[in-house]
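As structure tokens, the structure follows; a few thoughts come after it.
The values are calculated or read from the model by the stated rules, or taken from the named source; none is laboratory data. No experiment lies behind these values; they were computed from the predicted model shown. All Cβ positions, glycine included, derive from the backbone under ideal geometry; neighbour counts span all protein chains shown. In case anyone asks, the SASA skips ligands and DNA or RNA and just uses the protein heavy atoms, side chains included. Shrake-Rupley method; radii C 1.70, N 1.55, O 1.52, S 1.80 Å.
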Amino acid sequence: MYKIVTEAKGLVSHGVNACAGCGLELVFRNVVQALGEDTVVIIPPGCAALFSGIDNVTNMKIAGYQCNLENTAASAAGVRAGLDAQGNTHTTVLAFAGDGATADIGLQSLSGIMERGDRVLYVCYDNEAYMNTGIQGSSATPYGANTTTTPAGKPTYKKDLLKIAIAHHIPYAAACSVANLPDLVKKVKKAKGVDGPALLHVHTPCPTGWAYPPAKSIEVCRMAIETGAWVLYEYENGRITVNRKVKELRPIRDYLSLQGRFKKMTEVDMEVLQRETASRYRELLASEG
């Protein structure tokens with residue numbers, strides 16, 4: 001039985017100044033609560049810096065610090081090495097960063113910890129753009145999405161972060177979503193016990209950047225799963241398992257229509273994305289086991 005955190009308590013204080021409907025807060029509270037107080041967290045500048053705080057004020061009751069945007073994984077590797085040098089193999093080192101700090105500017109240091117086999121748990125909360133600096137597009141922004149740097153819609157597909165991780169042959173990697181918190185907590189607990197690097201890629205809705213009513217965050221992410229726009233799966237010791245199989249994918253339009261960021265997509269754009277989404281889903285199912 002997994003305990004899901006839906007309110008302010010435990011290792012994260014109440015009163016965090018996140019946007020209404022922000023998926024990040026649910027992700028952070030559940031990840032930290034699942035890991036426990038014997039955890040050191042590294043957070044770069046971004047939306048999650050709300051938790052690490054400023055000066056001598058923090059919203060966390062665990063150890064941690066705020067690094068630079070590009071070196072989250074490198075900082076976590078340094079903390080891990082320091083703890084190991086002291087004979088401390090029990091403390092979890094958690095790197096917690098957004099898609100820009102992970103899939104873009106921080107990808108090189110992330111690749112480094114995966115190649116070296118550093119025992120770090122890396123969580124990427126993916127809200128699919130640089131949200132706290134003005135909603136600029138990132139490599140995790142999906143095809144057709146409107147951002148301040150892709151005003152006509154992004155012309156390229158979303159970078160496949162988990163495939164990059166799997167190519168490093170790490171022990172554990174998984175896709176999660178705020179639409180399924182029990183699945184998220186279960187995967188956090190698995191990742192905690194891994195002897196080596198682990199990556200959790202979490203679909204994290206942003207009402208401000210995705211342009212939908214704040215009360216619809218969970219509904220939006222559920223529809224992403226139902227349409228195949230986001231697939232819950234895990235890679236464990238060389239094997240891929242799709243955790244939530246959809247017998248018949250709903251039209252991608254059902255997901256896109258819930259968000260204002262896709263309002264400039266044409267019928268042709270939607271058909272292109274529908275084919276790509278279905279193709280990637282079939283490919284994942286075929287790679288199981």
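Computed quantities for the displayed model
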quantity: Residue selected from the stretch 257-289 under the condition of a type in the set (Ser, Thr, Tyr) and either crowded, with 17+ Cβ neighbours inside 10 Å or within 21 Å of the chain's Cα centre (by Cα) (or both), by the criterion farthest from residue 173 (Cα to Cα); calculated: 277
quantity: Cross-chain or 6+ apart pairs with Cβ under 9 Å, the stretch 64-89 first and in contact (Cβ under 8 Å) with a residue 40 or more places away in the chain, then of a type in the set (S, T, N, Q) and open to solvent by 60 Å² or more (accessible area, probe 1.4 Å); calculated: 73/108; 83/89
quantity: Qualifying residues in the stretch 127-146 (those that are out of contact with any Gly (no Cβ under 7 Å at 6 or more places or on another chain) and not small (Gly, Ala, Ser)) - the one surrounded by the fewest Cβ atoms within 10 Å (Cβ to Cβ); calculated: 133
quantity: Single residue of 207, 251, 197 found to be out of contact with any helix residue (DSSP H, G or I) (no Cβ under 6 Å at 6 or more places or on another chain) and either open to solvent by less than 70 Å² (accessible area, probe 1.4 Å) or closer than 30 Å to residue 152 by Cβ (or both); calculated: 251
quantity: Cβ pairs under 6 Å, 6+ apart, first in the stretch 155-173 and closer than 21 Å to residue 271 by Cβ, second surrounded by 17 or more Cβ atoms within 10 Å (Cβ to Cβ); calculated: 157/143; 158/140; 158/142
quantity: Test for residue 246: is it of a type in the set (Val, Ile, Thr), closer than 30 Å to residue 171 by Cβ, assigned to a loop (DSSP other than H, G, I, E, B) and over 19 Å from the mean Cα position of the chain (by Cα); calculated: yes
quantity: Residue 173 vs. criteria modelled with pLDDT of 95 or more, among the small types (Gly, Ala, Ser) and not in a helix (DSSP H, G or I); calculated: yes
quantity: Exclusive hit being out of contact with any Phe, Trp or Tyr (no Cβ under 7 Å at 6 or more places or on another chain), open to solvent by less than 30 Å² (accessible area, probe 1.4 Å), modelled with pLDDT of 95 or more and part of a strand (DSSP E or B), set 34, 97; calculated: 97
quantity: Residue in the stretch 164-174 that is surrounded by fewer than 19 Cβ atoms within 10 Å (Cβ to Cβ) and on the phi > 0 side of the Ramachandran plot present; calculated: yes
